[in-house]
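The next block holds one structure in the form of structure tokens; read it before the comments.
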Amino acid sequence: MRFSNIENGNFKNKKVFLRLDLDVPVKKDKIEDEERLLSGIKTIQYLIKHGAEIIIAGHLGRPEGKEEKFSLRTVASFFAKKIGYGQLHPRKFGIFNGWRLTERISILENLRYYKGEEKNDGEFSKKLAGLADVYVNEAFAVSHRPHASIIGVPAILPHFPGFHFLEEVRVLGGILKKPKRPLVVIIGGAKLDTKLPLVEKMHHFADYVLIGGKIAQETRILLKVAHEKIIPQAGRKKSVLLIADSTFNGTDISEKSAENFCQIVGLAKTVVWNGPMGITNGKSIDEDTERGTRKLAKAIVKSRSYSVVGGGDTLAYVKKINLLDKFKFCSMGGGAMLSFLSGEKMPGIDILEKNYSK
Ligand code: 3PG
């Protein structure tokens, strides 16, 4: 993959549209996990050091219209404290609302408040592109979405990937090209619409596919039937599929399933994990609903495998149980990481490989 190198860009007195991944868990005006926000800091600092003015843009959740609970105000306050003056100052950018964080850094309100974002509407992209001279993508986690801020704006402006984005492509690209086998892919959590088609693709790539969480509960039969129908590609076996049973109240995977999963993880040379096995947003780490996920996380970091964990909720959980730094690589992408590894087209990566043309 070839991209323009941000270190060769001229940012002096240029306005940069910086697409970050701002989709973090927010509860009662508190950010529960900042990992995705922190992954953009190096790029922000680099651009500022090289004379840019930055307009940060991104989305939070899946709002239907301008739902207040999906406002980026809390995220903006985080950045104001981390890299700004501490206080938010409301600011208008054409049709867009936002806040000024410093003289040279601002942030826009949730892009998904506008219909044009998810539709990749041409006029909407032009309005966004009109705010800046250069585009930088530091939102690997959203690069599987053909949205205006991911493909529309870089189709108009000269573009670069951010530092963390590049790292994601380098590490995950290495696994995609030549994974150390056995390769175990573990998928849990929700977002069934995104994950279901990816599970099928994974059977051509992974040696074992282990499914837990909501996706196992709600699509068990579907997953099994789809697996039966898969015809292995020439020279490769299709993966073994294991779908976890759940506990009687459905809030976690059964102890037996957790044990089976841990045994398979023990054999792995590469493990890729996205999505909790049960409900993991409890305050204490001893909650019953977190037992399966905790057991699995411990087994992964104890194994000798190259371990990759990805996705907002999964990162938040392994951080809560103090295991985040034990993983070899933390991907900011959940669906994006799985899409990339299943060989899907990634619109946000493809567009960055194209040269700027008017
Ligand atoms: C994520 O959380 O995986 C990304 O922000 C993408 O969100 P989406 O699945 O709502 O497009």
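Worth a mention:
- Whole-percent carbon and sulfur share, accessible surface of the chain, 1.4 Å: 50
- Helix 291-302 and the longest principal axis of the C-alpha atoms of the chain enclose an angle of approximately 80°.
- Built amide H within the under 5 Å cut-off of I54, gap 5+: V16, I105, S106
- Evaluated at q = 0.07 Å⁻¹: base-10 log I(q)/I(0), Debye formula over Cα of the chain: -0.30
- Think of the chain as a dipole: +1 on every Lys or Arg Cβ, -1 on every Asp or Glu Cβ, centred on the Cα centre; then among G334, Q233, V199, Q233 lies furthest on the positive end.
- Helical contribution to [θ] at 222 nm, DSSP H n ≥ 4, -39,500 (n - 2.57), averaged over the chain, rounded to 500: -10500 deg cm²/dmol
- Remark: for residue pairs K27/K49; K238/K302; K12/K319; K69/K195, the C-alpha separation exceeds 30 Å in K27/K49; K12/K319.
- For the chain, share of DSSP beta bridges that run antiparallel, in % to the nearest 5: 25
- Size estimate for segment 179-341 follows the Kirkwood approach: the inverse of mean 1/r over distinct Cα pairs works out to 15.4 Å.
- Vicinal HN-Hα couplings computed from phi for segment 164-173 (Karplus, 6.51 cos²θ - 1.76 cosθ + 1.60; Hz; Gly/Pro x): 6, 3, 4, 5, 4, 5, 5, 5, 5, x
- Relative contact order (%) - the chain, alpha-carbon pairs under 8 angstrom, separation at least six: 18
- The angle between the Cα long axis of helix 255-267 and the longest principal axis of the Cα atoms of the chain comes to about 80 degrees, rounded to the nearest 10.
- Once the Cα gyration tensor of segment 6-167 is diagonalised, semi-axes √(5λ) in Å: 21, 19, 15
- Most tightly packed first, judged by the mean number of other beta-carbon atoms within 10 Å of their residues, the peptides 302-311, 51-60, 242-251 read 51-60, 302-311, 242-251.
- Principal-axis tilt of helix 192-202 within the chain, Cα atoms, nearest 10 degrees: 60
- Rounded to whole numbers, the Karplus 3J(HN,Hα) couplings from phi for segment 112-129 are 6, 6, 10, 4, x, 5, 6, 7, 6, 5, x, 5, 5, 4, 4, 5, 5, 4 Hz, using 6.51 cos²θ - 1.76 cosθ + 1.60 with θ = phi - 60°, and x at Gly and Pro.
- Secondary structure note: in segment 147-282, about 5% of the DSSP beta bridges are antiparallel.
- Amide H contacts of I243 (H built 1.01 Å from N, under 5 Å, at least 5 apart or other chain): I211
- A protection proxy built from the mean count of other Cβ atoms within 10 Å ranks the segments 204-212, 230-238, 82-90, most packed first, as 204-212, 82-90, 230-238.
- Share antiparallel - DSSP beta bridges, segment 6-167, percent rounded to 5: 40
- Accessible area per residue for the chain is 47 Å², calculated with a 1.4 Å probe on protein heavy atoms, without ligands, DNA or RNA.
The values are calculated or read from the model by the stated rules, or taken from the named source; none is laboratory data. Please read these numbers as outputs of a predicted model, since none were measured by experiment. Cβ sites come from the backbone with ideal geometry, for glycine too, and all protein chains shown count toward neighbours. Side chains included, ligands, DNA and RNA excluded: accessible areas come from the protein's heavy atoms. Shrake-Rupley method; radii C 1.70, N 1.55, O 1.52, S 1.80 Å.
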